[in-house]
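The values are calculated or read from the model by the stated rules, or taken from the named source; none is laboratory data. Quick caveat, the model's predicted, so the values are computed rather than measured. Virtual Cβ from ideal backbone geometry, glycine too; neighbours counted across all protein chains shown.
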Amino acid sequence: MPAGTSAIVHQFNNLFPHKPEGGLTIGNGNWLYGMVRYNGTDNQAGLFRIQRDGTGFTLLYAMTNSFGFATTPYFHTDGKIYFCDANDLLQYDPGTGNISNISSPSTILSRSLHIDANDWVYLTTGFGTLVKVKTDGSNLEVLTPPEQNT
């Protein structure tokens, strides 16, 4: 494709309100991962993957009662995809196809998460707190700011 042009990779209009939400992350093997809200009034959503050329669209994980929530998935150096539903931090392993609940640090309303080089996942919760937890689900910690000098 010539520079400065664009093309539709996948059309998300087969079921209203079937649409992508949040952002995309690039994983191994030419896969793009993202979140989609789809068909229904009960705030259904899910994790999908699709090849960069638009082939292979697959809904990997379906969730309900997500309150219209969709986090941008995160591809970590361990080769796994991390994402959140309304209550849980989840991990998708592309090698096995397994999805694991890593942690449930209260209602998660984070639109994005970050994982550092030491395998700490940072995200916010619906209660206005910043938490961190290891990618294996251990050491959940609520981060509190230092006391402010008045």
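Taking the criterion of being surrounded by 12 or more Cβ atoms within 10 Å (Cβ to Cβ) and modelled with pLDDT under 70, would at least one residue in region 70-92 satisfy it? Among the residues of region 70-92, at least one is surrounded by 12 or more Cβ atoms within 10 Å (Cβ to Cβ) and modelled with pLDDT under 70, which makes the answer yes.
If you go through region 93-114 and keep only what is modelled with pLDDT under 90 and part of a loop (DSSP other than H, G, I, E, B), you end up with S104, P105, S106, T107, L109, S110, R111, S112, L113. Scan region 119-145 for residues that are assigned to a loop (DSSP other than H, G, I, E, B) and modelled with pLDDT of 85 or more and the total you get is 7.
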